[in-house]
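S.K.: Before I ask anything, here is the structure I am working with.
Just so you know, all these numbers are worked out from the coordinates, no wet-lab data involved. It should be emphasised that the depicted structure is a prediction, and the values quoted were computed from it without experimental measurement. For neighbour counting, all protein chains shown are included, and Cβ atoms are generated from backbone atoms with ideal geometry for every residue, glycine included.
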Amino acid sequence: MKPIRLVHLSDPHFASVTYSPRQFFSKRWLGNCNLILFRKKAYQTAHLKHIPELLETLDVETVFLTGDVATTSRDEEFAKAAAFVSEFKQPVHLVPGNHDCYTRGSDRGKRFYRYFPEPELQEHRVVKKKLGKGWWWIGLDCALATALIFSYGRFSKEMEKKLEDALSQIPTDEGVVISNHFPLFGSGSPRHDLRRNAALQKILRRFPQVKLYLHGHDHSPYIIDKIREGYPLVINSGSCAHQPNGIFYLMDLDRTGCLVERCVLKQENSTYSWVVESQKRYHFL
Ligand SMILES: [Fe+2]
Ligand SMILES: [Fe+2]
């Protein structure tokens, strides 16, 4: 069967500064200060508008966006993110990140889902959908509002059960792409990592149909190949909004392996372009 062509983007962090005193009733003041002092320069979104058109020319079939579409979960930020997503001609599979439920109010009100409805994911935190060509997508919502200086996610016991059920229903000769905002492997910082990631690692090793695990959260991109140890290929696409190091990954996925191309943002004067910086083929067992 022909490979399926995918793109993985993460952490665009659409932003909208507020000067309202109401921000001091929530964690938003912290994100807002961070935005004004540091993030505004390092994270830009103007160059993102070229991506949908580019992906059409590349015959991309499906897009994965692994969360942190917003910065402090304001309506204005989600509206910008939704306008960006609406430009894609392909289906865009989204999961929320910690910045998409940044305050307790936005988490309780499930504001992310008002802009990106996905009822099964909202209700059960696990969604399963057919991608075509013998591939499935399973999205995980491990995001939750956390206290100041924390940015961890949680893979709950209920999610573990749902994921196990979802994987059990997928034929063994078909493949699975999992997307989650949070990394599969810890960075050593409990404040930042996915809680109960060991349970998630264990379940993924039990189901060899899972070939790819896509995530963001860590803004420096990396790929972890522990295929020989029974894990899926783990791809973190960093932040596509980062300047000057914004990236996304373009992938040709088939049952024997995945060709991964790293597309990097280049700027000349005020002109932006995305170029393939490197490529590598990974082989499944
Ligand atoms: Fe992020
Ligand atoms: Fe994050």
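S.K.: Per-residue counts of other Cβ atoms within 10 Å, averaged by peptide: what ranking do you get for 136-147, 160-171, 245-256, 60-71, highest first? List each step's numbers first, then the result.
M.R.: Working: 136-147: 21.7, 160-171: 15.3, 245-256: 19.9, 60-71: 25.6.
Per-residue mean Cβ counts within 10 Å order the peptides as 60-71, 136-147, 245-256, 160-171.
S.K.: Quote the FRET efficiency, to the nearest 0.05, computed for Leu148 versus Met1 with a Förster distance R0 of 51 Å and r equal to the Cβ-Cβ distance.
M.R.: Working: r = 49 Å, r/R0 = 0.96.
The calculated FRET efficiency here is 0.55.
S.K.: DSSP loop trypsin sites (Lys or Arg not before Pro) in the stretch 40-105 with at most 14 other Cβ atoms within 10 Å of their Cβ, which ones? Walk me through the numbers before you get to the answer.
M.R.: Numbers: sites: Lys40, Lys41, Lys49, Arg74, Lys80, Lys89, Arg104; in loops: Arg74, Lys89.
Listed in order of number, the matching sites are Lys89.
S.K.: Any idea what the relative contact order of the stretch 187-273 is, in percent, if you count C-alpha pairs under 8 Å spaced at least 6 apart?
M.R.: Working: 118 pairs, mean separation 15.3, N = 87.
So the answer I get is 18 percent.
S.K.: Give the distance, in whole Å, between the Cα centre of the stretch 40-99 and the Cα centre of the stretch 206-285.
M.R.: Cα centroid of the stretch 40-99 versus Cα centroid of the stretch 206-285: 16 Å apart.
S.K.: Under 13 Å from the Cβ of Tyr272, count the other residues' Cβ atoms, weight Lys and Arg +1, Asp and Glu -1, and hand me the total. Could you put the intermediate results ahead of the total?
M.R.: On the way: positive: Lys49, Lys266; negative: Glu53, Glu268.
My count for the surroundings of Tyr272 gives 0.
S.K.: What is the packing order of peptides 177-186, 191-200, taking the mean over residues of other C-beta atoms within 10 Å and listing the highest first?
M.R.: Values: 177-186: 23.8, 191-200: 17.8.
So the order, starting with the most tightly packed, is 177-186, 191-200.
S.K.: Find how much the distance from Thr256 to Ser189 grows on full extension, using 0.36 nm per residue of separation minus their present alpha carbon separation; answer in nm with one decimal. Walk me through the intermediate numbers first.
M.R.: Details: separation 67, 0.36 × 67 = 24.12 nm, distance 3.44 nm.
Between Thr256 and Ser189, full extension yields 20.7 nm more.
S.K.: Hey, another quick one. Residues with beta-carbon under 9 Å from that of Glu261, excluding Glu261: net charge, scoring Lys, Arg +1 and Asp, Glu -1? List each step's numbers first, then the result.
M.R.: Working: positive: Arg262, Lys280; negative: Asp252, Glu277.
So the environment of Glu261 carries a net charge of 0.
S.K.: Just to be sure I understand the model, the point goes 7 Å from the Cα along the line to the Cβ. What's the resulting Asn34 to Asp165 distance in nm?
M.R.: Calculated label separation equals 3.4 nm.
S.K.: Let me ask something else. Based on DSSP H runs of at least 4 residues, each adding -39500 (n - 2.57), what is the mean residue ellipticity at 222 nm of the chain after dividing by all its residues, to the nearest 500 deg cm²/dmol?
M.R.: Details: 8 runs with 64 residues, N = 285.
The helix-only estimate for the chain comes to -6000 deg cm²/dmol at 222 nm.
S.K.: Semi-axes of the chain's equivalent ellipsoid from the Cα gyration tensor, sqrt of 5 times each eigenvalue, largest first, rounded to whole Å?
M.R.: Values: eigenvalues 161, 108, 55 Å².
Those come to 28, 23, 17 Å.
S.K.: Can you give me the long-range amide H partners of Asn245? Hydrogens built in the peptide plane at 1.01 Å from N, cutoff under 5 Å, separation of 5 or more residues or another chain.
M.R.: none
S.K.: Ok, one more. Going through the cross-link list Lys130/Lys226; Lys49/Lys162; Lys80/Lys128; Lys89/Lys202; Lys110/Lys280, which pairs have a Cα-Cα distance over 32 Å in this structure? Write out the running numbers ahead of the final one.
M.R.: Values: Lys130/Lys226 25 Å; Lys49/Lys162 36 Å; Lys80/Lys128 26 Å; Lys89/Lys202 36 Å; Lys110/Lys280 38 Å.
Check vs 32 Å cut-off fails for Lys49/Lys162; Lys89/Lys202; Lys110/Lys280.
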